[in-house]
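The values are calculated or read from the model by the stated rules, or taken from the named source; none is laboratory data. Because the structure is a prediction, the values reported are computed rather than measured. Here the Cβ positions follow ideal geometry from the backbone for every residue, glycine too, while neighbour counts run over all protein chains shown.
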Amino acid sequence: MSHTRGLLEAGLGRSVDDVSVGGAEGTDAVSVEAQGRLRLIIPWAGDARLPIAAQSVVSKERFRAGPSR
C-alpha cells in the first residue's frame, strides 16, 4: 500500500492527509481502495473537505496451457 499512498501524494499533494488506503489479494484478483476527505483548495471555502471514495479491482495474470499436440 505504500506505493499507492506515494502515487496519491504525488498527484494530490498534502491534501491527501485524511485519505486512508487499503487493499486485498484474492486467488483471481487484487483490489485497492481509498476513502476519506479531500481538502479543497478554494481560498474562500475555509477548511472545507470533500468526501471521496475509490476502488479498483484487477484480475491477476495467469498462464493457460494450450492444446497438446
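Miscellaneous remarks
- The single residue among V58, V19 that is on the phi < 0 side of the Ramachandran plot and either touching a Lys or Arg at 6+ places or on another chain (Cβ under 7 Å) or surrounded by 10 or more Cβ atoms within 10 Å (Cβ to Cβ) (or both) turns out to be V19.
- Of the numbered criteria (1) at pLDDT below 85; (2) in a helix (DSSP H, G or I), the one R62 fails is (2).
- Whenever a residue of the range 10-26 is over 19 Å from L40 (Cβ atoms), its partners that are among the acidic types (D, E) and surrounded by 13 or more Cβ atoms within 10 Å (Cβ to Cβ), lying with C-beta atoms within less than 8 angstrom and at least six residues away or across chains, give the pairs V21/E33; G22/E33; G23/E33.
- When the range 37-59 is limited to residues that are of a type in the set (G, A, S) and assigned to a loop (DSSP other than H, G, I, E, B), the one that is farthest from the chain's Cα centre (by Cα) turns out to be G46.
- Among the residues here, A34 qualifies as part of a strand (DSSP E or B) and of a type in the set (A, V, I, L, M).
- Taking the numbered list (1) surrounded by 13 or more Cβ atoms within 10 Å (Cβ to Cβ); (2) at positive phi in turn, R49 passes all entries but (2).
- Per-region count, the range 10-35, residues more than 11 Å from the chain's Cα centre (by Cα) and not polar (S, T, N, Q): 14
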